[in-house]
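Trainee: This is the structure I want to talk about, given as structure tokens.
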Amino acid sequence: MTNRIQQLLGVDIPIVQAPMGFVARAQLASAVSNAGAMGIIETSSGRLDEVRLEITKMADLTDKPFGVNVAQMFVRNPDIVEFVADQGVRFVTTSAGNPEQYTTALHEAGITVFHVVGNLRGAIKAAAAGVDGLIVEGVEGGGFKGVTNASTMVLLPLIASKLDLPLIAAGGISDAPTLAAAFVLGAEGGQMGTAMLASVESPVHQNWKDAVLAASETETLLVRRGPAPAMRVLRTAASTAMSELESPEDATEALKRLHELYFGGDMEASLANTGQVAGRIDAIRPVADILREAWDGCRAALDAAAARLG
Ligand SMILES: Cc1cc2nc3c(=O)[nH]c(=O)nc-3n(C[C@H](O)[C@H](O)[C@H](O)COP(=O)(O)O)c2cc1C
């Protein structure tokens, strides 16, 4: 038996590796797809030439399905639909923009479309735009967030009670108990960001992975960037200063030095997008182990929960 996420995405394991700017590239995405889940290539880096190269690399690294995230705020090139269709991509998630912008064109190209939403209004708008499903993202997750957004625990059952679309839960999903919880709340799959960032195949510097291991659940914060979406990042001296100064310019300036942190390992050079779930990650493991244990352990977690009902 398979559920709607497994059927629509063509995967054994209904888990999506999160799109992460500069991080979600062929090395990580191919390992996820080869493990039977859905690897995703990012576009939020805005570097479409590099992204094109990463997508062509996928053809050599896996024969399993993979997808692309169109981060609309960062991809201004309207040819993006043709671009992904030409690469033979069959699954796209759109985020940080209007779901009406690309959904019809992607469908005409035979591509399955899920939109990322952080609140009920966005979910209803995406459903009206005709998407095939939703990535429901709680504010505890890493990366770009609306400062007033709700947590996965609140948002997921709210959206599940209003819409009959297949839902993928994002924000705090890292293992079998959290994936099982998402199923109880109405999802049919999960998206993992921080857990994939802190994996063996993740291309980021070891210092960042070690910082995730060392972080407690209270060691992330939201850095506001004025009108631009806030970012949930690791608490460092630099990010604490930026969040206290509330100076969007500084935060945006810091993004220019992203590579020094992501790949150079200087944790004070920029902002390390990371979710609160960092507090539950206690080892850097191969993605295949993380994904297989989360899915194989999901049913057991639900049974254990049922047994706790007494
Ligand atoms: C390093 C990093 C970069 C991210 N970049 C993006 C992005 O480019 N586009 C996007 O839709 N979400 C982005 N996100 C959010 C993830 O897609 C995902 O929803 C979130 O990580 C889920 O929460 P978790 O970190 O608790 O797993 C990013 C997250 C992280 C940790």
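The values are calculated or read from the model by the stated rules, or taken from the named source; none is laboratory data. Keep in mind that this is a model prediction, so the values were computed, not measured. We place every Cβ from the backbone using ideal geometry, glycine too, and count neighbours over all the protein chains shown. For accessibility, only protein heavy atoms count, side chains too; no ligands or nucleic acids. Shrake-Rupley method; radii C 1.70, N 1.55, O 1.52, S 1.80 Å.
Trainee: What residue, of G193, G141, is under 22 Å from A215 (Cα atoms) and touching a Pro at 6+ places or on another chain (Cβ under 9 Å)?
Mentor: The unique qualifying residue is G193.
Trainee: What single numbered condition from (1) in a loop (DSSP other than H, G, I, E, B); (2) surrounded by 16 or more Cβ atoms within 10 Å (Cβ to Cβ) fails to hold for I5?
Mentor: Looking at each condition in turn, I5 falls short on (1).
Trainee: Only one of (1) under 18 Å from the mean Cα position of the chain (by Cα); (2) away from the ligand (no atom under 12 Å from the Cβ) is not met by A195, so which one is it?
Mentor: So the condition that A195 fails would be (2).
Trainee: Something else: Keeping to segment 72-87, report how many residues are open to solvent by 50 Å² or more (accessible area, probe 1.4 Å) and not polar (S, T, N, Q).
Mentor: Of the residues in that region, 7 qualify.
Trainee: Return the pair list, or none, for Cβ contacts closer than 8 Å from residues in segment 85-112 that are within 23 Å of A59 (Cβ to Cβ) to residues that are modelled with pLDDT of 95 or more and of a type in the set (K, R), at least 6 apart or on different chains.
Mentor: G110/R90; I111/R90; T112/R90
Trainee: Any residue that is under 30 Å from L234 (Cα atoms), of a type in the set (V, I, T) and open to solvent by less than 30 Å² (accessible area, probe 1.4 Å) - is there at least one of those in segment 96-107?
Mentor: Scanning segment 96-107, I find no residue that is under 30 Å from L234 (Cα atoms), of a type in the set (V, I, T) and open to solvent by less than 30 Å² (accessible area, probe 1.4 Å), so the answer is no.
Trainee: Please give the number of the condition D49 fails out of (1) crowded, with 23+ Cβ neighbours inside 10 Å; (2) without any contact (Cβ under 8 Å) to a residue 12 or more places away in the chain.
Mentor: Tallying (1) crowded, with 23+ Cβ neighbours inside 10 Å; (2) without any contact (Cβ under 8 Å) to a residue 12 or more places away in the chain, D49 fails exactly one: (1).
Trainee: Among the residues of segment 9-25, write down those that are within 13 Å of F66 (Cα to Cα), within 6 Å of the ligand (Cβ to nearest atom) and in contact with a helix residue (DSSP H, G or I) (Cβ under 8 Å, 6 or more places away or on another chain).
Mentor: Of everything in segment 9-25, just one residue is within 13 Å of F66 (Cα to Cα), within 6 Å of the ligand (Cβ to nearest atom) and in contact with a helix residue (DSSP H, G or I) (Cβ under 8 Å, 6 or more places away or on another chain), namely A18.
Residue-wise test of (1) open to solvent by 10 Å² or more (accessible area, probe 1.4 Å); (2) without any contact (Cβ under 8 Å) to a residue 24 or more places away in the chain; (3) away from the ligand (no atom under 14 Å from the Cβ); (4) hydrophobic (A, V, I, L, M, F, W, C).
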{"residue": "G122", "(1), (2), (3), (4)": "yes, yes, no, no"}
{"residue": "V154", "(1), (2), (3), (4)": "yes, yes, yes, yes"}
{"residue": "P157", "(1), (2), (3), (4)": "yes, no, yes, no"}
{"residue": "I168", "(1), (2), (3), (4)": "no, no, no, yes"}
{"residue": "T178", "(1), (2), (3), (4)": "yes, no, no, no"}
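Trainee: In segment 126-146, is there at least one residue being away from the ligand (no atom under 16 Å from the Cβ), in contact with a strand residue (DSSP E or B) (Cβ under 8 Å, 6 or more places away or on another chain), of a type in the set (D, E, K, R) and under 24 Å from E100 (Cβ atoms)?
Mentor: yes
Trainee: Also, I was wondering about something else. List the number of the failed condition for M267; all other conditions in (1) open to solvent by less than 10 Å² (accessible area, probe 1.4 Å); (2) over 18 Å from A195 (Cα atoms) hold.
Mentor: Single failed check for M267: (1).
Trainee: For R224, are the conditions met, namely being more than 15 Å from the ligand (Cβ to nearest atom) and open to solvent by 70 Å² or more (accessible area, probe 1.4 Å)?
Mentor: yes
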